[in-house]
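The values are calculated or read from the model by the stated rules, or taken from the named source; none is laboratory data. Here the structure is a predicted model, which is why all the values come from computation and not from measurement. Neighbour counts are summed over all protein chains in view; Cβ atoms, including those assigned to glycine, are modelled from backbone coordinates with ideal geometry. Side chains included, ligands, DNA and RNA excluded: accessible areas come from the protein's heavy atoms. Shrake-Rupley method; radii C 1.70, N 1.55, O 1.52, S 1.80 Å.
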Amino acid sequence: MLLTLRVQGARSWVKSTRCLASSAAPAKSPSSPPQLEVSGSTYATDGWTNVTPKILSYLGANKHLQTDHPLSIIRQRIVNYFYGAYRNQRGNPLFSVYDQMNPVVTVQQNFDNLLIPADHVSRQKSDCYYINQQHLLRAHTTAHQVELISGGLDNFLVVGEVYRRDEIDSTHYPVFHQADAVRLVTKDKLFERNPGLELFEETWSGTLPDPKLILPSSKFMDQTKQPCHTLEAVKLMEHEMKHVLVGLTKDLFGPRIKYRWVDTYFPFTQPSWELEIYFKDNWLEVLGCGIMRHEILQRSGVHQSIGYAFGVGLERLAMVLFDVPDIRLFWSNDSGFLSQFSEKDLHNLPKYKPISHYPQCTNDLSFWLPQDIEVDAGFSPNDFYDLVRSVAGDMVEQISLVDKFKHPKTGRSSVCFRIVYRHMERTLTQAEVNEIHKQIASASVDSFNVQIR
Ligand code: DAH
């Protein structure tokens with residue numbers, strides 16, 4: 001399998017910000033219920049609500065905790081590595097693990113607390129599953145950082161599923177899993193052997209920024225360090241973090257794996273890096289990390305520490321380590337898939353053996369958009385992908401937007417989607433596919449007011 005660089009793991013934060021005006025809350029869809037019951041709590045719906053019953057059905061699946069599941073095996077490998085890498089004087093692990101945090105988070109937890117700019121693309125309705133304007137299904141496990149640090153933790157891992165609206169293909173699924181870690185250290189610990197050194201610049205005021213203040217983006221800062229930190233503190237922390245993360249990578253991929261560090265941008269760390277490994281003739285990004293923005297620590301009540309954090313996608317690792325060719329397989333209940341993996345020997349990871357290949361069926365669907373609506377201006381392909389997911393579930397392997405054009409006379413826009421149907425566990429008949437395809441067409445007419453061509 002040639003693994004593309006696009007397997008889900010961490011998002012690209014570097015992309016420029018996009019104006020959010022086009023995704024301003026539209027009128028509430030008449031079909032959505034007035035309130036939703038999610039994980040035992042009730043939420044009023046509004047114009048931001050875009051979670052579908054299909055997506056909500058993934059809550060509580062906990063694939064990362066399912067015995068013998070490949071994602072659970074990867075979770076345990078990461079956790080065990082951290083348990084071994086950091087121990088206290090009595091030999092006990094320093095890190096604590098949170099793997100059952102509620103995936104319903106607030107906009108504040110997912111974005112504001114992490115200094116993600118108000119106009120950042122990642123907040124868009126077309127990219128996230130919102131329950132209402134204030135609540136969403138977490139788009140990254142980083143969303144739990146502030147609550148855990150505020151609770152007094154200084155070494156922890158968060159593992160769980162995250163939800164993102166995206167395209168449909170063999171490497172993208174609306175739900176996938178991440179592990180995130182935070183390590184905070186004080187001056188005494190960091191400079192154990194150089195007690196004269198300081199974490200913070202003498203000239204730095206140390207005051208807590210006004211919570212209403214819009215903080216400068218890491219993008220526009222000195223790239224070597226944040227103004228508050230001393231260079232020595234940042235360099236030592238960077239060294240420790242990179243050493244530990246290269247150790248994790250070698251633990252997972254073997255001691256001879258070729259790797260490189262790439263400078264990058266995350267709103268919540270500065271400086272920031274991605275770690276890439278050379279795998280099957282490609283550089284594959286495995287994780288994102290960096291020195292935590294000090295304002296995040298200050299706002300969590302921590303004033304005398306410096307921290308590093310990182311995030312990693314579990315499917316991405318599992319697809320490489322077990323040679324799993326399609327991300328949907330992680331959701332399969334087929335014993336032919338599940339029986340191939342065992343957590344008895346976490347260090348002997350078997351390569352996945354395809355059970356059999358079922359044939360694909362490809363059908364195109366073309367429609368006229370309503371007058372004055374265009375792709376990404378009133379019609380978001382991600383909305384269509386969610387509709388397809390709701391109607392056809394995992395029968396769909398891939399969707400691509402193969403054509404779009406504007407009629408020169410009427411000015412109306414037309415789009416054509418190619419839908420590839422293939423079930424993971426059985427052969428689909430053409431008649432069955434045609435029936436589902438028809439249902440997708442009529443659901444599109446109902447939901448988007450389009451005209452099938
Ligand atoms: N949350 C990021 C993502 O989903 C990944 C990440 C990057 C997490 C850097 C971190 C971090 O904690 O420090 O793309």
Out of Q298, Q270, sole residue that is under 30 Å from D188 (Cα atoms), in contact (Cβ under 8 Å) with a residue 12 or more places away in the chain and more than 16 Å from the ligand (Cβ to nearest atom): Q298
Residue pairs meeting the criteria (Cβ under 6 Å; at least 6 apart or on separate chains; first touching a residue at least 60 places away in the same chain (Cβ under 8 Å), in the stretch 56-79; second of a type in the set (D, E)): D68/E343; I73/E343
Residue match in the stretch 311-319 (condition: more than 16 Å from the ligand (Cβ to nearest atom), outside any strand (DSSP E or B) and either not acidic (D, E) or not assigned by the TED database to the domain that holds L190 (or both)): yes
Qualifying residue in the stretch 277-290 (condition: modelled with pLDDT of 95 or more, in contact with an Asp or Glu (Cβ under 7 Å, 6 or more places away or on another chain), open to solvent by 10 Å² or more (accessible area, probe 1.4 Å) and in the same structural domain as D180 (by the TED database)): yes
Residue satisfying condition, being in contact with a Phe, Trp or Tyr (Cβ under 7 Å, 6 or more places away or on another chain) and open to solvent by less than 20 Å² (accessible area, probe 1.4 Å), within set V450, V388: V450
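For a quick check of your reading: which strands (runs of 3 or more DSSP E) sit entirely within the stretch 2-103 and have at least 3 residues that are at pLDDT below 90 and surrounded by 19 or more Cβ atoms within 10 Å (Cβ to Cβ)? Working first, answer last.
Numbers: elements: 35-38, 41-44, 96-98.
It comes to none.
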Of the criteria (1) within 29 Å of D188 (Cα to Cα); (2) within 14 Å of the ligand (Cβ to nearest atom); (3) open to solvent by 30 Å² or more (accessible area, probe 1.4 Å), which one V262 fails: (1)
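Check whether at least one residue in the stretch 298-309 is in contact with a Leu (Cβ under 9 Å, 6 or more places away or on another chain), charged (D, E, K, R) and buried (at least 21 other Cβ atoms within 10 Å of the Cβ), and report yes or no. Please lay out each step first, then the result.
Initially, the stretch 298-309 is screened for residues in contact with a Leu (Cβ under 9 Å, 6 or more places away or on another chain), giving 298-300, 302-308.
Next cut, charged (D, E, K, R) only: 299.
So of that shortlist, the ones also buried (at least 21 other Cβ atoms within 10 Å of the Cβ) come out as none.
Within the stretch 298-309, none of the residues are in contact with a Leu (Cβ under 9 Å, 6 or more places away or on another chain), charged (D, E, K, R) and buried (at least 21 other Cβ atoms within 10 Å of the Cβ).
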Scan of the stretch 228-259 for residues that are open to solvent by 70 Å² or more (accessible area, probe 1.4 Å), part of a helix (DSSP H, G or I) and in contact (Cβ under 8 Å) with a residue 12 or more places away in the chain, ordered by number: E232
Yes/no for T207 being within 16 Å of the ligand (Cβ to nearest atom), hydroxyl-bearing (S, T, Y) and either open to solvent by 60 Å² or more (accessible area, probe 1.4 Å) or outside any loop (DSSP other than H, G, I, E, B) (or both): no
Filtered residues of the stretch 173-226 (kept if more than 21 Å from L245 (Cα to Cα) and of a type in the set (D, E)): D188, E192, E198, E201, E202, D210, D222
The one condition in (1) touching a helix residue (DSSP H, G or I) at 6+ places or on another chain (Cβ under 6 Å); (2) of a type in the set (A, V, I, L, M, F, W, C); (3) within 16 Å of the ligand (Cβ to nearest atom) that L197 fails to fulfil: (3)
